[in-house]
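What follows is a short report on a single structure.
FYI, it's all coordinate maths here, none of it is from the lab. Just so we're clear, the structure is a prediction, and the values are computed from it rather than from any experiment. Neighbour counts run over all protein chains shown; Cβ positions are idealised from the backbone, glycine included.
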Amino acid sequence: MPVMSNDISPHMPTRPSPPETLQELTTRVSNVAGKTLGQIAHDAHFAIPDDLRRHKGWVGSLLEHVLGCDAGSQARQDFSALGVELKTLPLDAQGQPKESTFVCTVNAAGSASGRWQDSWVRKKLSNVLWLPIEADNQIPLAERFVGMGWIWRPNAQQEAMLRQDWEELMELIALGEQNALTANYGQYLQIRPKAANSRVMSKASDSDGESIRLNPRGFYLRTSFTRQLLEAATILAFEP
């Protein structure tokens with residue numbers, strides 16, 4: 001029976017050093033492509049849980065380890081020297097993005113004085129390593145395959161739309177309209193609750209400037225957007 005933990009024993013190999021170049025990073029990505037999570041975990045001496053119900057972050061932790069992410073819990077990109085953020089892309093049985101993609105937490109004290117150019121959302125999305133992974137619940141966790149990852153930088157049209165969404169969402173926050181914010185706002189970028197349960201609360205201000213408490217929220221990319229990225233990457237991969 002597998003040990004329900006993703007801790008690494010002191011006697012096991014340590015985390016690989018961070019990649020120093022994009023070429024080194026893409027080589028590591030190629031090395032995990034086409035392997036199952038079980039194979040990757042076995043090679044990395046990672047314990048494999050039966051499922052993800054109590055280990056939601058296990059897949060991300062495994063891949064961060066084998067690829068050499070060095071950000072940890074610090075507010076910087078996952079591969080800090082390269083300025084690259086790692087985002088896994090769980091795919092359903094039809095090979096489509098299964099869920100929206102978390103970008104970063106929302107600053108409930110945000111104001112209209114903030115600029116897109118300086119935003120953490122823009123920094124996080126400026127250079128992303130996407131790594132598709134099978135996430136069909138009918139497939140045992142250890143037997144799910146990792147696909148070929150790719151590095152994406154938003155083009156002018158994509159950044160313009162992300163900026164528009166971000167500015168509209170931040171304006172609502174600045175006006176104290178957090179309670180009115182739903183996942184329906186935003187074409188590419190949306191705001192959704194991000195907490196273990198509804199009892200987790202954070203401080204914010206309403207439209208009258210009064211202090212209120214809300215569930216922590218995060219910026220997420222819609223599946224309609226990540227589906228476009230996946231389709232574009234697939235087409236590119238098969239071009240002669």
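Modelled this way, with points 7 Å down the Cα-to-C-beta line, the labels at T234 and S30 are 2.3 nm from one another. Counting 0.36 nm for each residue step from S80 to A174 and taking away their Cα separation leaves a gain of 30.8 nm. Normalised by the number of residues in segment 135-196, the average gap of Cα pairs under 8 Å and 6 or more apart makes the relative contact order 27 percent.
FRET efficiency for the Q117 to Q157 pair, using the beta carbon distance and R₀ = 25 Å, is estimated at 0.90.
Listing D78, D50 from fewest to most neighbouring C-beta atoms within 10 Å gives D50, D78.
Close amide H partners of R217, meaning residues 5 or more places away or on another chain with modelled amide H under 5 Å apart, are V106, K194. Computed extension length for E167-E99: 22.1 nm, one decimal, from 0.36 nm per residue of separation with the Cα-Cα distance subtracted.
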